[in-house]
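Below: one structure, written as structure tokens.
No value in this document is a laboratory result; all are computed from the given coordinates. Quantities reported herein were computed from a predicted structural model and do not represent experimental measurements. Positions of Cβ are backbone-derived with ideal geometry, glycine not excepted, and every protein chain shown enters the neighbour counts.
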């Protein structure tokens, strides 16, 4: 029988296990504040006059890289449970080798896709030129190449270590690595921008070399693997997801621009905004990853009614997110110096209302996408986390607005 870390004990025990592991993974979401700090610290780099697209492109890079990372962690979790991927760092299975080649290829494809979408948007917003397009692609491809080098080994390493220690990678991996990935990807983007625009011809030369190496490597992978059924199928299915993600990135960016003034009015919520988005996305990834694994193992029926058998995983992740939201409220209130008990109650109420609205929607989205794609004969791991992670920003932002309107 295939070894798996999915608990097959009493419901209460499974709920405690889900809650405990979810809390462990969400505790890393505090690092989401570092992403915002890094962004503010290097805001001058993202506001370079020669690159009017720099700041606009930033959310898209995080979203699309998160989608590729979500696909990677989703496949790793399911593969480790099924035994098609080994919990080892060397001499792994063919499935793992194919998955790794897919991730490298999709990093380039997704970067070009989001970069092109941003440039088209820029043609209408700031009259972007062909030169802008060339510079934009060079920088984003360099960022994606560096991200593959640093983030992919991190995801693999954490998956293997968590599985070896009896933890469920479906619950642990994506919420933890997504936070760390955001920090690393922000650093890679700032580095690529700085190198290209602040080091003259030398920087241009280095970025160009990095692009040539990355593109050549991907072309080599394509030539060697196009006849590989699983490779081609995963690429094809993710391209459908990529179209959706690219659209959502632009919609979310526009929405955030229009409502930034409203969020500014809730200063404490704005301060924890990166952390709560990461936590909400983490809840969706846990629900999606655990149900896709159950579907693959035959432990869940491909019907929305089977959500009743998934209540422990949902409950554990949701309760863990509520604990984290209360923690965010307490920490930020201490830092900012809350004057009255009433202020603390209002702020905590706003966060909890945001949690209830956002998590309710994300649970439905994650479960529905998993069931729908499985019924279609597609691999849910190619869709669930990429789609739910890209929607988490929009859903959480909308939930914040509703919470601010209801509780003031």
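Take every pair of alpha-carbon atoms less than 8 Å apart whose residues are at least six positions apart; their mean separation over the length of the stretch 11-406 yields a relative contact order of 28 percent. Dividing the C-alpha radius of gyration of the stretch 122-258 by 2.2 N^0.38 Å, with N its residue count, gives 1.26. Taking a ≥ b ≥ c as the square roots of the Cα gyration tensor eigenvalues, with a/c under 1.5 meaning rounded and otherwise prolate when a/b beats b/c, else oblate, which class fits the stretch 11-406? Oblate is the answer for the stretch 11-406, as a/c is 1.5 or above yet b/c matches or exceeds a/b. Each distinct pair of alpha carbons in the stretch 278-386 adds a 1/r term; the inverse of their mean, the Kirkwood radius, is 15.1 Å. Listing 217, 58, 124 from fewest to most neighbouring C-beta atoms within 10 Å gives 124, 217, 58. If R0 equals 60 Å, the separation of the Cβ atoms of residue 220 and residue 330 corresponds to a calculated FRET efficiency of about 0.70. Largest first, the extents of the alpha carbon coordinates of the stretch 152-222 on the three principal axes equal 51, 29, 13 Å. Rg/Rh, computed from the Cα trace of the stretch 56-205 with Rh as the Kirkwood radius, has the value 1.05.
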